[in-house]
Amino acid sequence: MTPAEWAALLRHSVTAFNQHRASHPGEPVSLFEADLSYCNLEGVNFAQADLRRCQMQGCNLAHAILDGARMDLANLRAASLVGASLRGVSLFSGTFQGANLRDASFHGASLKKVTFCDADLRGAVFTGADFSEADLRWASFELDHLADADLSAARIR
């Protein structure tokens, strides 16, 4: 499927999207540069998907599975990712500015140069995450949850 076809399936129904993925497990998902802004994508399975340069600002991605997704330069400004799983995600130079990331899981995620300004990260888990040069100013988080994360050159208020 092309990125436009994947996006059309998503806009039709998250359930249909997830069912298609389950019945075609080897088919790669590419939403490269797709505009999914303000969509309700609660519970979507984006595991291993190509979401580079994807526009997802204002999306509801609560309880979504983004494990291993490639998300470089993705825009998730003001998105809701409550309880989402982002294990091993690669997001270079993207933004979660103003996003709700409460109780999300970022185990082993690469979040280099990502903007988290004004994001709510309370209850999120970051074991082994790489926050090199990330911007965490004005974000709400619990410092002990960042204990096992790489914060080298990160900006923290």
Could you pull out the residue among ASP118, ASP67, ASP50, ASP103 that is crowded, with 19+ Cβ neighbours inside 10 Å, charged (D, E, K, R) and either in contact with a Gly (Cβ under 7 Å, 6 or more places away or on another chain) or closer than 21 Å to ASP150 by Cβ (or both)?
ASP67
Being among the charged types (D, E, K, R), assigned to a loop (DSSP other than H, G, I, E, B) and exposed (fewer than 15 other Cβ atoms within 10 Å of the Cβ) is the filter here, so list the residues in region 131-144 that pass it.
ARG137, GLU142
Could you please tell me which pairs satisfy a Cβ distance under 7 Å, a separation of 6+ or placement on different chains, a first residue in region 1-28 that is without any contact (Cβ under 8 Å) to a residue 40 or more places away in the chain, and a second residue that is surrounded by fewer than 13 Cβ atoms within 10 Å (Cβ to Cβ) and in a helix (DSSP H, G or I)?
LEU9/ALA16
On the basis of being modelled with pLDDT under 85 and either surrounded by fewer than 24 Cβ atoms within 10 Å (Cβ to Cβ) or on the phi < 0 side of the Ramachandran plot (or both), does ALA149 make the cut?
yes
So ARG70, is it basic (Lys, Arg), at negative phi and at pLDDT 95 or above:
yes
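Would you check if LEU31 is surrounded by 18 or more Cβ atoms within 10 Å (Cβ to Cβ) and touching a Phe, Trp or Tyr at 6+ places or on another chain (Cβ under 6 Å)? Step through it out loud before you land on a result.
Details: surrounded by 18 or more Cβ atoms within 10 Å (Cβ to Cβ): yes; touching a Phe, Trp or Tyr at 6+ places or on another chain (Cβ under 6 Å): yes.
In short, yes.
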Quick one: how many residues across region 89-102 are touching a strand residue (DSSP E or B) at 6+ places or on another chain (Cβ under 8 Å) and part of a loop (DSSP other than H, G, I, E, B)?
9
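Going by what's in this entry, would ASP50 be described as within 20 Å of ALA109 (Cβ to Cβ), under 10 Å from the mean Cα position of the chain (by Cα) and of a type in the set (Asp, Glu)?
Numbers: within 20 Å of ALA109 (Cβ to Cβ): yes; under 10 Å from the mean Cα position of the chain (by Cα): no; of a type in the set (Asp, Glu): yes.
When the stated conditions are applied, ASP50 does not pass them.
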Quick check: anything in region 111-130 out of contact with any strand residue (DSSP E or B) (no Cβ under 7 Å at 6 or more places or on another chain), modelled with pLDDT under 95, not in a loop (DSSP other than H, G, I, E, B) and not aromatic (Phe, Trp, Tyr)?
no
Would a scan of region 37-47 turn up a residue that is among the charged types (D, E, K, R), within 12 Å of the chain's Cα centre (by Cα) and outside any strand (DSSP E or B)?
no
Select from region 1-36 the residues that are charged (D, E, K, R) and part of a loop (DSSP other than H, G, I, E, B) and list them in ascending order.
GLU27, GLU33
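The values are calculated or read from the model by the stated rules, or taken from the named source; none is laboratory data. Bear in mind that the values here come from a model prediction, so they are computed numbers and not experimental data. When we count neighbours, we look across all protein chains shown, and the Cβ atoms used for this are built from the backbone with ideal geometry, even at glycine.
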